[in-house]
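The values are calculated or read from the model by the stated rules, or taken from the named source; none is laboratory data. Since this is a predicted model, take the numbers as computed values, not measurements. Here the Cβ positions follow ideal geometry from the backbone for every residue, glycine too, while neighbour counts run over all protein chains shown.
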Protein chains: 2
Amino acid sequence: MNSSTETRRLTAKGRATRDRIVAAAAAVMYDQGVAGTSTEDVLTAAQVSSPSQLYHYFGDKKSLVQAVIEYQTERVLGFQRPLLRRLDSFEALEAWRDAVVQAQHARGCRGGCPIGSLASELSDADPQARTKLAEGYAQWEGAIRDGLASMQERGELDEEADAGDLSLALLTALQGGLLMTQMRRDTLALEAVLNAMIDRIRCHAVG
Amino acid sequence: MNSSTETRRLTAKGRATRDRIVAAAAAVMYDQGVAGTSTEDVLTAAQVSSPSQLYHYFGDKKSLVQAVIEYQTERVLGFQRPLLRRLDSFEALEAWRDAVVQAQHARGCRGGCPIGSLASELSDADPQARTKLAEGYAQWEGAIRDGLASMQERGELDEEADAGDLSLALLTALQGGLLMTQMRRDTLALEAVLNAMIDRIRCHAVG
DNA sequence: CACAAATTGGAATGTCAACTCTAAAAATGG
DNA sequence: CCATTTTTAGAGTTGACATTCCAATTTGTG
């Protein structure tokens, strides 16, 4: 009935169904794009029998997309944060790079970034989506910045280095790398850009 | 009738109409995405009165998209090549960066990369499109590589620097920057990543 | 248990978009 | 200027898709 602000009273079963729909929608939309995903696709994937259920929990497709954005943001940060939290050395930074590259390999270089794909498709068309995506990226960038800052605190990285600039650049480079991975079906571009950025940061290393 | 291989016998008028359709389709698809663009949208924008015209020149929407990819690739390279051809100094590299940033400002930070948007939307869904996009990027990367190579020849850049790696990384960083620009509605991330990459290349400068 | 609210089922509606068909107008080429 | 091919017109078909509605069923609560 509502789009995103109020959270309706939900029973345990209701929340389970809702969650199932969001997870299924996220997966299918990641595969086929938002526009390429019908409500019926979502219902099938979520093993939900009737459209009325979807419209019971979400006002329309747009607000389902909103929920998918939140879901994907949490998933990505859930993967990233543990790695970024202990950025205490260049080895750790390289381990992060390897984990990212490895993750793309594991999915056959398909799909790109779960947030980036949404950003590309929705930024111009859906202002609310764009705002939520920007919030998600801000969190992500913050996590990277904290990691770099902790490297500074530990004396691995020059205090003069601008962690804000570097984290923004690193996240941006990663987005480009993930897009190129998806299109090239290999991780060479991703590796090249991440290596370049890490080398760039290394210029600020305390040696 | 055919998708892309044969070029049918076309009269001058025919070619004009075909070109008008492709240009209009490119513009509308850049604004609204491929999936968000109906054939009717294209006809209206191209000032073409009947669907039969579209289907006279293109077998289906997919082959129209194919033509749009070629069109956008040429347009982007038409903008990029003149700048990249005379990459003979770091000033020229910075001028290239400024031109890219300026171009995004000029369009209100909307739309992202004309090729990148297509890549994100089509790479997983349309294998033929993905191939053509990859070819386009390969050309673009080649142009950057040539620019960097000419800097090496002129002795601005260390001969040991790997122009292949650097050009791939630079193009990849640019793609990320354009995506982030579209989503953030500002060019800070684009500037940050390009500055970082240029600084990185500067490490190889011949001092 | 009873009553209200939440959840589910399934059919139905209306719109829109891709594509087709037939035939008229215009251009080409001998 | 006639025959052939290309180009344009416009109505029509088909299917898919977002969304709605009403009723049945289950679940929480006093």
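Please indicate, with yes or no, whether at least one residue in segment A:48-62 is assigned to a helix (DSSP H, G or I), within 27 Å of B:Gln182 (Cα to Cα) and either at pLDDT 95 or above or over 15 Å from the mean Cα position of the chain (by Cα) (or both). Reasoning before the result, please.
Keep residues of segment A:48-62 that are assigned to a helix (DSSP H, G or I), which gives A:51-57, A:61-62.
From the residues that got through so far, the ones that are within 27 Å of B:Gln182 (Cα to Cα) too are A:61-62.
Next cut, either at pLDDT 95 or above or over 15 Å from the mean Cα position of the chain (by Cα) (or both) only: A:61-62.
Among the residues of segment A:48-62, at least one is assigned to a helix (DSSP H, G or I), within 27 Å of B:Gln182 (Cα to Cα) and either at pLDDT 95 or above or over 15 Å from the mean Cα position of the chain (by Cα) (or both), which makes the answer yes.
Give me the residue from segment A:18-31 that is within 14 Å of chain B (Cβ to nearest Cβ) and closer than 22 Å to B:Gln32 by Cα and, out of that set, farthest from DNA strand D (Cβ to nearest atom). Let's see the steps before the verdict.
Narrowing segment A:18-31 to residues within 14 Å of chain B (Cβ to nearest Cβ): A:27-31.
Those still in the list that are closer than 22 Å to B:Gln32 by Cα too: A:28-31.
On the way: A:Val28: 11, A:Met29: 10, A:Tyr30: 16, A:Asp31: 14 Å.
Going through the qualifying residues, I end up with A:Tyr30.
Condition check ((1) among the polar types (S, T, N, Q); (2) surrounded by 16 or more Cβ atoms within 10 Å (Cβ to Cβ); (3) within 29 Å of A:Glu141 (Cβ to Cβ)) across all residues:
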| residue | (1), (2), (3) |
| --- | --- |
| B:Asp124 | no, yes, yes |
| B:Pro127 | no, no, no |
| B:Glu135 | no, no, no |
| B:Ser150 | yes, yes, no |
| B:Glu159 | no, no, no |
| B:Leu170 | no, yes, yes |
| B:Ala173 | no, yes, yes |
| B:Met180 | no, yes, yes |
| B:Asp186 | no, no, yes |
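Which of the residues that make up segment A:32-77 are closer than 23 Å to B:Ala125 by Cα, buried (at least 17 other Cβ atoms within 10 Å of the Cβ), within 15 Å of DNA strand C (Cβ to nearest atom) and away from every other protein chain (no Cβ under 14 Å)?
A:Val42, A:Leu43, A:Ala45, A:Ala46, A:Leu64
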